[in-house]
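Some notes on the structure that comes next.
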Amino acid sequence: MDPLIDRALMHNRRQFLSRFGQGLAGGLGAATLGSLLQADGGSKGPVTDALGSLGGPHHAPKAKRVIYLFMSGAPSQLDLFDHKPGMEARYNEELPESIRQGQRLTTMTSGQSSFPVAPSRFKFARHGESGAEFSELLPYTARMADKLCIIKSMHTEAINHDPAITFMQTGTQQPGRPSLGSWLSYGLGSENDDLPAFVVLHATWTGRAEAQALYSRLWGTGFLPSEYQGVSLRSQGDPVLYLSDPPGVDRSTRRRLLDGLARLNQHHHDEMFDPETLARIEQYEMAYRMQSSVPELADLSDEPEETFELYGPDARKPGTFASSCILARRLVERDVRCVQVYIRGWDHHGSLPKDIRGSCRDVDQPSWALINDLERRGMLDDTLVVWGGEFGRTIYCQGQLTTTNYGRDHHPRCWTMWMAGGGVKPGITWGETDDFSYNIVKDPVHVHDLNATILHLMGVDHEQLTYRYQGRDFRLTDVHGRIVDGLLA
């Protein structure tokens with residue numbers, strides 16, 4: 001809606017109801033105003049209720065919280081999960097046109113005259129009662145084969161990193177839409193008064209040194225009120241900048257300052273009726289409470305030695321993926337609804353056999369440890385863990401193919417992700433790809449389907465969690481998405 005028109009409409013309603021309420025001791029007018037604004041189909045302003053805009057889940061949730069481990073750069077499914085032993089006999093052969101079918105290429109390989117098949121150099125083996133196949137690069141992940149719900153048939157339309165990551169997180173390739181965590185925060189509210197409902201962590205990495213940038217809009221609110229955006233904790237130094245009081249300012253002084261600001265902002269809101277002003281008041285209050293809650297969260301001195309042994313040699317190093325996974329567990333223990341951990345360095349266009357080892361070493365043991373840590377604390381059953389990137393990698397080599405080295409280009413047609421806990425079926429592999437891991441041949445899962453399923457597990461009907469903006473009801477899954485029932489326990 002036009003903000004000026006919106007302001008005029010709200011101003012007129014408020015003036016009428018204010019005068020009406022004054023004639024009835026003020027109480028009925030205020031109550032009617034609140035009811036009217038909640039029934040208004042447009043933007044409602046901040047939802048401070050712990051139950052969120054929905055007033056509670058649509059149905060009984062299987063998961064109360066979600067931890068999303070995002071491998072930015074796109075891990076190669078061919079070298080980690082999607083074993084294609086028949087490709088060894090096709091080494092350096094041209095990718096058949098019957099497989100490629102004229103599908104588009106990125107600018108990195110569109111100029112190549114040859115598209116030679118590059119089999120994975122890594123050994124695979126079956127694990128657990130499920131018999132799921134894992135690369136030798138993921139020995140710890142392989143140990144929990146029977147706890148994982150593996151999806152080999154993910155697909156997307158995006159072929160480059162930024163639109164693909166944006167699509168995964170917001171349901172569209174174009175910037176400006178709310179992120180998954182923001183939708184959950186808006187729809188379901190917060191269960192912790194002292195921490196945000198949505199927290200983002202950024203891990204350091206030892207994979208490919210060059211990495212795609214990650215922008216704050218990936219955990220932003222788009223057109224939702226800004227109080228629902230993800231709060232990003234820094235991997236080095238203070239978790240949040242300017243969280244500590246400056247020298248000479250004690251807590252009582254800070255409290256008086258915030259009270260004065262709140263009165264000024266409330267006055268501004270009463271004049272202008274901008275819902276973002278109320279969001280600003282709430283954000284100031286959350287920052288005040290976080291001055292105590294965040295230092296306590298980030299202080300791992302109360303963790304026993306066995307925790308650090310579980311998560312591996314990097315667990316004591318601030319900012320590593322292992323340390324971030326411990327923080328993620330501590331956050332969900334404190335009822336933070338959505339935690340996303342981003343790690344970069346998976347963009348293996350060249351030198352894949354060398355660089356992917358570092359990427360796997362960063363995440364393999366910590367991912368396994370997180371699942372086991374949640375399980376031993378009785379939290380895995382109602383915590384959904386999601387692991388994956390924005391698309392897959394090609395079977396053909398980018399650049400020169402040798403017996404010891406190869407690279408892989410972007411591949412949106414199929415890739416692998418896994419989920420665990422939180423109501424998903426353990427010990428299954430969903431979907432199949434062709435012999436080249438190039439096309440899906442069974443049970444495709446689109447990005448919208450994945451997000452619809454995540455929302456369903458959190459107790460939300462993805463078609464009913466909407467927000468009106470510029471005359472249209474928007475949702476995370478746009479006008480698409482289906483719940484993948486075969487993934488549900």
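The values are calculated or read from the model by the stated rules, or taken from the named source; none is laboratory data. Note that the structure is predicted; figures quoted are calculated from it, not measured. Cβ: placed from backbone, ideal geometry, glycine included. Neighbour counts: every protein chain shown.
Which residues, taken from the stretch 407-441, are part of a loop (DSSP other than H, G, I, E, B) and in contact with a Gly (Cβ under 8 Å, 6 or more places away or on another chain)?
GLY407, PRO412, ARG413, CYS414, LYS425, GLY427, ASP435, SER437
So THR106 fits all but one of (1) in contact with a strand residue (DSSP E or B) (Cβ under 6 Å, 6 or more places away or on another chain); (2) within 19 Å of VAL385 (Cα to Cα); what number is the exception?
With respect to (1) in contact with a strand residue (DSSP E or B) (Cβ under 6 Å, 6 or more places away or on another chain); (2) within 19 Å of VAL385 (Cα to Cα), THR106 is out only on (2).
Pairs needed: first member in the stretch 333-352, at positive phi; second member anywhere, part of a loop (DSSP other than H, G, I, E, B) and of a type in the set (Lys, Arg); C-beta distance under 7 Å; at least 6 residues apart or different chains.
Partner pairs satisfying both residue conditions: GLY345/ARG208.
If HIS127 satisfies all but one of (1) touching a residue at least 12 places away in the same chain (Cβ under 8 Å); (2) farther than 25 Å from ASP355 by Cβ; (3) surrounded by fewer than 22 Cβ atoms within 10 Å (Cβ to Cβ); (4) not basic (Lys, Arg), what's the number of the condition it fails?
HIS127 satisfies every listed condition except (2).
Suppose we filter the stretch 442-485 for residues that are of a type outside the set (A, V, I, L, M, F, W, C) and assigned to a loop (DSSP other than H, G, I, E, B); how many remain?
Number satisfying all stated conditions: 16.
Determine if the stretch 467-482 includes at least one residue that is under 21 Å from ILE428 (Cα atoms), touching a helix residue (DSSP H, G or I) at 6+ places or on another chain (Cβ under 7 Å) and surrounded by fewer than 22 Cβ atoms within 10 Å (Cβ to Cβ).
Scanning the stretch 467-482 turns up at least one residue that is under 21 Å from ILE428 (Cα atoms), touching a helix residue (DSSP H, G or I) at 6+ places or on another chain (Cβ under 7 Å) and surrounded by fewer than 22 Cβ atoms within 10 Å (Cβ to Cβ).
With the structure loaded, tell me whether VAL441 is within 30 Å of PRO353 (Cβ to Cβ), in contact with a Ser or Thr (Cβ under 7 Å, 6 or more places away or on another chain), surrounded by fewer than 19 Cβ atoms within 10 Å (Cβ to Cβ) and not charged (D, E, K, R) or whether it fails that test.
Considered against the rule, which asks whether it is within 30 Å of PRO353 (Cβ to Cβ), in contact with a Ser or Thr (Cβ under 7 Å, 6 or more places away or on another chain), surrounded by fewer than 19 Cβ atoms within 10 Å (Cβ to Cβ) and not charged (D, E, K, R), VAL441 comes out as yes.
Does the stretch 461-489 hold any residues that are closer than 18 Å to PRO444 by Cα, touching a strand residue (DSSP E or B) at 6+ places or on another chain (Cβ under 9 Å) and among the aliphatic types (A, V, I, L, M), and which are they?
Of everything in the stretch 461-489, those that are closer than 18 Å to PRO444 by Cα, touching a strand residue (DSSP E or B) at 6+ places or on another chain (Cβ under 9 Å) and among the aliphatic types (A, V, I, L, M) turn out to be VAL484, LEU487, LEU488.
If you go through the stretch 363-374 one residue at a time, do you hit one that is assigned to a loop (DSSP other than H, G, I, E, B) and in contact with a Phe, Trp or Tyr (Cβ under 9 Å, 6 or more places away or on another chain)?
No; the residues of the stretch 363-374 include none that is assigned to a loop (DSSP other than H, G, I, E, B) and in contact with a Phe, Trp or Tyr (Cβ under 9 Å, 6 or more places away or on another chain).
For the stretch 304-362, give me the residue count where each residue is in a helix (DSSP H, G or I) and either of a type in the set (Lys, Arg) or more than 30 Å from SER110 (Cβ to Cβ) (or both).
Of the residues in that region, 24 qualify.
Conditions (1) out of contact with any Leu (no Cβ under 8 Å at 6 or more places or on another chain); (2) assigned to a helix (DSSP H, G or I); (3) at negative phi; (4) at pLDDT below 55, marked per residue:
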position: GLN15; (1), (2), (3), (4): yes, yes, yes, yes
position: LEU24; (1), (2), (3), (4): yes, no, yes, yes
position: LEU33; (1), (2), (3), (4): no, yes, yes, yes
position: VAL47; (1), (2), (3), (4): yes, no, yes, yes
position: ALA89; (1), (2), (3), (4): yes, yes, yes, no
position: THR106; (1), (2), (3), (4): yes, no, yes, no
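Just to be sure before I move on: is GLY248 within 20 Å of LYS317 (Cβ to Cβ), at pLDDT below 90 and either out of contact with any helix residue (DSSP H, G or I) (no Cβ under 7 Å at 6 or more places or on another chain) or in a loop (DSSP other than H, G, I, E, B) (or both) in the structure I sent?
When the stated conditions are applied, GLY248 does not pass them.
So for the stretch 226-242 (the condition being part of a helix (DSSP H, G or I), of a type in the set (A, V, I, L, M) and at pLDDT below 90), does at least one residue qualify?
no
Looking for whichever is modelled with pLDDT of 95 or more, closer than 18 Å to TYR186 by Cβ and touching a strand residue (DSSP E or B) at 6+ places or on another chain (Cβ under 9 Å) here; the options are MET417, MET458. Which one fits?
Residue meeting the stated conditions: MET458.
Would you tally the residues in the stretch 406-465 being within 24 Å of PHE122 (Cβ to Cβ) and charged (D, E, K, R)?
Number satisfying all stated conditions: 6.
Out of all the residues in the stretch 141-164, which are of a type in the set (A, V, I, L, M) and over 19 Å from ARG104 (Cα atoms)?
Answer for the stretch 141-164, where residues must be of a type in the set (A, V, I, L, M) and over 19 Å from ARG104 (Cα atoms): ALA142, MET144, ALA145, LEU148, ILE150, ILE151.
If a residue must be in contact with a strand residue (DSSP E or B) (Cβ under 7 Å, 6 or more places away or on another chain) and within 21 Å of ILE99 (Cα to Cα), how many such residues does the stretch 385-401 contain?
Summing the residues that are in contact with a strand residue (DSSP E or B) (Cβ under 7 Å, 6 or more places away or on another chain) and within 21 Å of ILE99 (Cα to Cα) in the stretch 385-401 gives 9.
What is the number of the single condition among (1) in contact (Cβ under 8 Å) with a residue 40 or more places away in the chain; (2) part of a loop (DSSP other than H, G, I, E, B) that GLN400 does not meet?
The failed condition is (1).
Would you mind telling me which numbered condition in (1) among the small types (Gly, Ala, Ser); (2) at pLDDT below 90; (3) under 24 Å from the mean Cα position of the chain (by Cα) GLY319 fails?
GLY319 satisfies every listed condition except (2).
Looking only at the stretch 157-189, count every residue that is closer than 20 Å to HIS446 by Cβ and among the aromatic types (Phe, Trp, Tyr) and tell me the total.
Residues in the stretch 157-189 being closer than 20 Å to HIS446 by Cβ and among the aromatic types (Phe, Trp, Tyr): 2 in total.
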